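These notes are about the structure you will find just below.
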Amino acid sequence: MTQLDVMDDLKFDVEADHLLNFVAGQWTPGRSGQTRANINPADTRDVIGEFTESSAADVHAAVDAAERAQAGWDALGPIERAQVLTRAAQIIEDRAETFARAITREQGKRLSEARGEVKRGLAILEFHIGEARRMNGETTAAEEPRTMVLTFRRPIGVVGLITPWNFPLTIPIWKVAPALLSGCTAVLKPSPLTPLTAALLVQAFAEAGVPTGVLNVVQGDREAGETLVADPRVAGISFTGSLPVGTAINQAGAGRLMRTQLELGGKNALIVLADADLDAAVEAIIHGAYGQSGQRCSATSRVIVDRPVHDELLARLKPRVESMVIGPGCQPDADIGPVVNEERHRACLDAIDGAVDSGATVVAGGGAADLEQPGYFVRPTLLADVAWDSELAQEEVFGPVLSVIACDGYDDAMRISNSVKYGMSGTIFTQSPALMFQSLQDFQAGMLHVNRPGVGAYSHLPHMGAKASQLGAPECSPEVWNFYTDLRSACIRY
């Protein structure tokens, strides 16, 4: 069975052949000949297929293709480029179920969550297509007569897009769309854990008429990523992933002034004050902490709760967490799926054990889930008596592990919330209008929420963090053009 056959098949039990690179308009095997197994995290007996482990030569070939294509793609202009992306959006929408099932099978999230990701990805693509008619400069006053002064934007050239596994469709879309609309050409290096979804996406863009070499994909891991960052022809790297890797990318490109756009980790807090609507807070906590098995940069990782309602909140959370059904993403009644691989599985279990050793109490869950099939399942875990400065309260876990931390009023809650190095999202539940608006000033975080779940909001709002969670222009926003384009000024005497 060929790779393209797999792309059009909706069945979970279909086996893929090798997942290839897409370079200069052709699906091609990696030059190293090495491959890596793509494993279903909900059933490790299920090998979805093998994908190319790209070498430096593969990356250079992709950059070659992007470099050759850049001038022609730039010449089309943003309106015509947007028409190509509009066709891609229609193809993705027509294949929505194919995408959703691919996401569930190789990433593990529940099928309903995967379908939601496809819907959100399409909304983000629609937003960027609309922005193509607003890639404006401005006119300004001249200091001399008979002179017009204006600004305009120019694409920076070839860009590298390095994307994670937790949103294997949405995050590539929100990088590929502005890159291509701006007139840049791109080399996409997706996570080695979700190669099929990336291949599906690139195939949709190719069928929509993206010219040869404009969008390329190289599968693989560290060698591919490091080579892409080091290639002097790459003008910018947009990366979503961990803080250590993002820091390394920034340092690697600093010597040649390579532009970077980095969306990194989070250790997000949801504050529950004494006057909060506890029913609403519980719903938001369950959604924010355990949705997608906690594998979101904006996931609720800490609940900071006022002491007068601390015990009551725990009493309400405990049965909700204990009653969650654990199972593969294709299981209709599953509330929570697996984490993505063995490394994440072990990290979650180690974090729970370390917290208990440091004095935390397991209120619900804890440990691995025992299911019939072999998979990377972690019981949704609720921990109390967590010290605000403990490792669990300070470091990202990226799994279904929630810390509950007691506080003494608003000021103490905000101090604890801002005590971490990250600043992705911040959430507060209160009935006080004054504290609602005060929190917007006090949170050291990029995405803020009041009396609603603390995860990403709308597809037309900037996805961004503060402190160690973000560097560079925010994504999903008009400001994204500050990464993919340079602003130029011109003075024209007539």
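Just so you know, all these numbers are worked out from the coordinates, no wet-lab data involved. Predicted, not measured: the structure shown is a model, and the values here were computed from it. Methodologically, a virtual Cβ is constructed for each residue, glycine included, from the backbone with ideal geometry; neighbour enumeration extends over all protein chains shown.
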Item to check | In order through region 368-380: 3J(HN,Hα) via Karplus (6.51 cos²θ - 1.76 cosθ + 1.60), integer Hz, x for Gly, Pro | outcome: 7, 8, 9, 10, 5, 8, x, x, 9, 9, 10, 5, x
Checklist entry - Between residue 432 and residue 256, what is the label-to-label distance in nm when each label sits 7 Å out along the Cα-to-Cβ direction? => result 5.3 nm
Checklist entry - How much of the DSSP beta bridge set in region 268-460 is antiparallel, as a percent to the nearest 5? => result 15 percent
Item to check | region 282-360: C-alpha gyration tensor shape, a/c 1.5 cut-off, then a/b vs b/c | outcome: oblate
Item to check | Over region 394-441: Kirkwood hydrodynamic radius from C-alpha pairwise inverse distances, Å | outcome: 12.3 Å
Checklist entry - With Rg and the Kirkwood Rh both taken from Cα atoms, where does Rg over Rh land for region 316-368? => result 1.02
Checklist outcome for this item: Here the tail fraction of P(r) beyond 24 Å, over all Cα-Cα pairs of region 268-460, rounds in percent to 33 percent
Checklist entry - If you find the alpha carbon centre of region 17-43 and of region 329-366, how far apart are they in angstrom? => result 30 Å
Next on the checklist: At 4 °C and a viscosity of 1.567 mPa s, what translational diffusion coefficient does Stokes-Einstein give for region 176-233, taking Rh as the Kirkwood radius over Cα pairs? Give it in µm²/s as a whole number.
Outcome noted: 107 µm²/s
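Full-extension gain between residue 91 and residue 346, please, as 0.36 nm times their residue separation minus the C-alpha to C-alpha distance.
Full extension from residue 91 to residue 346 adds 88.0 nm.
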Checklist outcome for this item: For the pair residue 371 and residue 274, the simple spin-label estimate (label points 7 Å beyond Cα toward Cβ) gives in nm 4.3 nm
Checklist entry - Distance from the Cα centre of region 227-273 to that of region 372-389, in angstrom? => result 28 Å
Checklist entry - So what is log10(I(q)/I(0)) for region 135-195 at q = 0.15, 0.26 1/Å, when the Debye sum runs over its Cα atoms only? => result -0.58, -1.02
Checklist entry - What is the distance in Å between the Cα centres of region 83-120 and region 285-302? => result 21 Å
Checklist outcome for this item: By the Cα gyration tensor axes a ≥ b ≥ c (a/c under 1.5 gives rounded; else a/b larger than b/c gives prolate, otherwise oblate), the shape of the chain is oblate
Checklist entry - Separation between the residue 312 and residue 247 pseudo-spin-labels, each 7 Å from Cα along Cα→Cβ, expressed in nm? => result 4.2 nm
Checklist entry - How big, on average over all directions, is the shadow cast by the Cα convex hull of region 348-441, in nm²? => result 7.3 nm²
Checklist entry - Which percent, nearest 5, of DSSP beta bridges in the chain are antiparallel? => result 40 percent
